[in-house]
1. Can you order the peptides 236-242, 331-337 by their average number of other Cβ atoms within 10 Å per residue, highest first?
2. With the cut-off at 28 Å, tell me which of the pairs 225/339; 63/225; 211/353; 271/342 have Cα atoms farther apart than that.
3. As an exercise, use a Förster radius of 51 Å and the Cβ-Cβ distance of residue 166 and residue 194 to find the FRET efficiency, rounded to the nearest 0.05.
4. Could you tell me how far the Cα centroid of segment 1-41 sits from the Cα centroid of segment 210-280, in Å?
5. With each pseudo-label sitting 7 Å past Cα toward Cβ, what's the residue 106-residue 25 distance in nm, one decimal?
6. With each pseudo-label sitting 7 Å past Cα toward Cβ, what's the residue 214-residue 7 distance in nm, one decimal?
7. Looking at segment 25-100, which trypsin sites (Lys or Arg not before Pro) are DSSP coil and have at most 15 other C-beta atoms within 10 Å of their C-beta?
8. Would you work out the relative contact order for segment 30-76, in percent, from Cα pairs under 8 angstrom that are 6 or more residues apart?
Amino acid sequence: QVEKRLELVKQVSHSTHKKLTACLQGQQGVDADKRSKKLPLTTLAQCLMEGSAVLGDDSLLGKMLRLCGEAEDKLAQELIHFELQVERDVIEPLFVLAEVEIPNIQKQRKHLAKLVLDMDSSRTRWQQSVKSSGLASNLQPSGAKADALREEMEEAANRVEICRDQLSADMYNFVAKEVDYANYFQTLIEVQAEYHRKSLALLQNVLPQIKAQQEAWMEKPSFGKPLEEHLAVSGREIAFPVEACVTMLLECGMQEEGLFRVAPSASKLKKLKAALDCCVVDVQEYSADPHAIAGALKSYLRELPEPLMTFELYEEWIQASNIPEQEKRLQALWSACEKLPKANYNNIRYLIKFLAKLTEYQDTNKMTPSNVAIVLGPNLLWPQADGNMTEMMTTVSLQIVAIIEPLIQHADWFFPGDIEFNVTGNYGSPMHVNHNANYSSMPSPDMDHADRRQHDQARRPLSVATDNMMLEFYKKDGMGVRVMDTSWVARRGTSGVRKASSTPPAAQPPAPPAELPAAPHSPIPEQSPDISATPSPPPTSFGFPPPSERA
């Protein structure tokens, strides 16, 4: 049985030694330094470090390459140590077993067979000598020749006995040492485990450094990223795309007809979105195309993973919009506003205040609160569902309009107090001088109608928006719903009437009163012109006339 296993163990050991040697990445039989130079991981580490030197530490890629290069170099050193240990404790013993120990036993077995043949030959010669002596009796042959043959036979038998004993001892030793042979493979797994533990420790040590560099890098894309993450990374209260777009529109877009409704140039929009993702915006370049700015703002809002008005409050917003009584509906909408997370509340307040200011110029830009709600509503609130988004938005778009429109109409009631739109002061000049030569100045929303027409004639339109949109202006929510809007006809007239249409149902307290004064059932309450100064005056720093001039 042992003899049969010897050949099998030899074959297995030889095959394992060959395959294990092939797994070594370094050159076998050389010292650590020479092995390191030809190791693929070492070559990779050198390449990463060279790339880091080319890009420099002032770029994020350069920092990443340096950290990864250092990590790969340490991994290479661990790999060299691992391979040297495997070679010493596993590969070399397997080679000795397959190529030395077992072949020695097999040679001993062949030697025994030869001795047995010699012994048989001696015995045959001695027997022939006995027969040739001619003695018929059983007496032993006499003479010197017979004695020599007998001694030779006995000596051969003695050698066979000694060799057989040695072979048996070697075979028993082989069987007894099988535990040691099996330990080679246990050592292999233990050495591998230790190598991987050390490698994992190295990687776990460098990963926090890599993540810290990533998190500390300010130039992160904002489109498609969660609002809280963007604000935390940039250290802002208002999302960068929102502030940048709003501030630029305040300079060059308030008079633009069909703002947020007219589609911008696809290439301009793509370029502006990419620039906003890099936190780099050329205000002068985009002041000539307010529709691209408005389109970028809409895209940012729509690409948020969660709408600005949140999935959690979606049902509450919808339920509030379905309340028939205006007083209770406004109270429910205010309650929903107060439940928004701080980041969402700050940004929706900022945006609604801007949209309210935009509607002050509705005679020129044709963007009434209703129109603004139709084109922007689906970008501020949508349901969390996996169904057909088109069909779903068709059914809820009107409800969303019923939510956004009151917020714009009564912006100063929902969000009391003035607001500074240029929070960081990085957009436009301090006095908000218009950089676009085609826009001479921004007229007051209270300018006389004849003066406004003369001003508009002197101003050359720079977008695809047409000036003749008064009779065929459709409300579009972007999802296929089209409703004719002729309410602008009834709203045209003096600025006092327009101001009255956006007056909240009660004075603006810090919070809605427990009982609001009786208000008309119309979504836009009609009141006398003498309360036109109720909404909070817009900041004069954007080039608008002070409240006293408007009054």
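Coordinate-derived values only; no laboratory data. Just so it is clear, the model here is predicted, and its values are computed rather than measured. A quick note on method: Cβ atoms are made from the backbone with ideal geometry, for glycine too, and the neighbour counts reach across all protein chains shown.
1. On the way: 236-242: 21.3, 331-337: 19.3.
Taking the mean over residues of other Cβ atoms within 10 Å, the ranking is 236-242, 331-337.
2. Numbers: 225/339 22 Å; 63/225 23 Å; 211/353 37 Å; 271/342 31 Å.
Too far apart for the 28 Å limit: 211/353; 271/342.
3. Working: r = 40 Å, r/R0 = 0.79.
Calculated transfer efficiency: 0.80.
4. 59
5. It is 3.6 nm.
6. Using points 7 Å along Cα→Cβ, the separation is 5.9 nm.
7. Hits after loop and neighbour filter: 38.
8. Working: 47 pairs, mean separation 19.5, N = 47.
Computed over segment 30-76, the figure is 41 percent.
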